[in-house]
Amino acid sequence: MAVGFLHHLPPTTYDPTPLNMNQATPEQLEIFLDIATEAAMVAGAILQNYWGALEAFEEKGRPGDLVTVADKDAEAAILKVLRRHFPNHSILAEESGQMGDRQGEYLWAIDPLDGTTNYAHQYPIASTSIGLLIDGTPQVGVIYNPFRNELFRAARGLGATCNRRPIRVSKTPSLSKSLLVTGFAYDRRETSDNNYAEFCYLTHLTQGVRRSGSASLDLSDVACGRLDGYWERGLSPWDITAGVVLVEEAGGKVTAYDGSPLDMRSGRILATNGQLHDELSTELLRVPPLSSWK
Ligand code: IPD
Ligand code: CA
Ligand code: CA
């Protein structure tokens, strides 16, 4: 695996003196970014090692909501790195849950394997997503796709990169010229609020709507301009924290469906290149019910 561009950092315990969103210095954010990168690369190596070698998958509750030994081992490796450097920080990790104070000043939101269904089927679209919320606001994000060897990094005020090169959102001006992406949560069979009508309606209005199966890669693809917009419901903070920083630092916009400030706990997100944000928000709020379609 190509890890040559990873900095080999000495284990440092970063002991923050009062640090909040307004006080985090670029140097402090760089440290968080580098440690998150170290953790993501270790996780990526684990995902590659288990590729094609899994013998069993568990369902976590809902049909199709899978977890594998790769998810668990990758998460354990990430926790080890973060705890070594930041023993006082809180962590919200998909497989281990909440550790430390949920309202803590520093909260790492971790998805060790975003795209588990793809991974279990050996469809190589999956990533590790590691984000840091400081005082509840996403500030640092690292998303690593080991199958394309793409490392996305961003920190508040420091810009966004893919494999260390700056990235920007697209310039696509309108929905009619756009390529969008979305996804469907595991509760989709249990609720009529399942995003099916939105998917069909936006497919009518755009050049296409994709479903990748990895929310973090959807966000990093908006950040680097491959896709023009993304919306989804039923998400967790570990799916989106890193990607929010990436899209915003790449010049895009991230809000609730109605354009109001993003609520990290709502599960809903609208992320675009900024230019078609209002138009997509307007259309999302007036999706006709599928039953009314001729
Ligand atoms: C899922 C993926 C998918 C999204 C689901 C998520 P997982 O995460 O991000 O794209 O549509 O809502 O739960 O289960 O592969 O970590
Ligand atoms: Ca996920
Ligand atoms: Ca996951």
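The values are calculated or read from the model by the stated rules, or taken from the named source; none is laboratory data. Bear in mind that the values here come from a model prediction, so they are computed numbers and not experimental data. Ideal geometry is used to build each Cβ from the backbone, glycine not excepted, and the neighbour counts take in all protein chains shown. Just so you know, the surface numbers come from the protein's heavy atoms only, side chains and all, with ligands and any DNA or RNA stripped out. Shrake-Rupley method; radii C 1.70, N 1.55, O 1.52, S 1.80 Å.
Of the residues in region 205-222, at least one is surrounded by fewer than 21 Cβ atoms within 10 Å (Cβ to Cβ), more than 16 Å from ligand 2 (Cβ to nearest atom) and in contact (Cβ under 8 Å) with a residue 60 or more places away in the chain. Of the strands (runs of 3 or more DSSP E) lying entirely inside region 78-171, the ones with 1 or more residues being in contact with a Gly (Cβ under 7 Å, 6 or more places away or on another chain) are found at 90-93, 106-114, 127-134, 137-145, 150-155. Among the residues making up region 149-201, those that are open to solvent by less than 50 Å² (accessible area, probe 1.4 Å) and at positive phi are Asn149, Gly159, Asn195.
Looking at region 191-206, can you tell me whether even one residue there is among the hydroxyl-bearing types (Ser, Thr, Tyr) and in contact with a Lys or Arg (Cβ under 7 Å, 6 or more places away or on another chain)? Checked against the condition, which is being among the hydroxyl-bearing types (Ser, Thr, Tyr) and in contact with a Lys or Arg (Cβ under 7 Å, 6 or more places away or on another chain), region 191-206 yields no hits at all.
Of these, Gly274, Gly234, which one is surrounded by 17 or more Cβ atoms within 10 Å (Cβ to Cβ), on the phi > 0 side of the Ramachandran plot and over 16 Å from the mean Cα position of the chain (by Cα)?
Every option except Gly274 fails the conditions.
Residues that are among the acidic types (Asp, Glu), away from ligand 2 (no atom under 16 Å from the Cβ) and at pLDDT below 95 within region 68-103 comprise just one, Asp101. Which condition from (1) crowded, with 21+ Cβ neighbours inside 10 Å; (2) under 19 Å from the mean Cα position of the chain (by Cα); (3) of a type outside the set (S, T, N, Q) is the one that Ile125 breaks? Ile125 satisfies every listed condition except (1). Filtering region 237-252 to residues that are in a loop (DSSP other than H, G, I, E, B) and in contact with an Asp or Glu (Cβ under 7 Å, 6 or more places away or on another chain) leaves nothing. Of all residues assigned to region 104-117, at least one qualifies as being buried (at least 18 other Cβ atoms within 10 Å of the Cβ), within 13 Å of ligand 1 (Cβ to nearest atom), at pLDDT 95 or above and farther than 20 Å from Asp34 by Cα.
Consider region 35-49. How many of its residues are open to solvent by 10 Å² or more (accessible area, probe 1.4 Å) and under 20 Å from Ala120 (Cα atoms)?
Looking only at that region, the number is 5.
Looking for whichever is under 18 Å from Trp293 (Cβ atoms) and of a type in the set (Ser, Thr, Tyr) here; the options are Tyr186, Tyr201. Which one fits?
Just one listed residue meets the conditions, Tyr201.
Can you confirm whether Asp218 is of a type in the set (Asp, Glu) and either within 20 Å of Arg164 (Cα to Cα) or touching a Cys at 6+ places or on another chain (Cβ under 6 Å) (or both)?
In short, yes.
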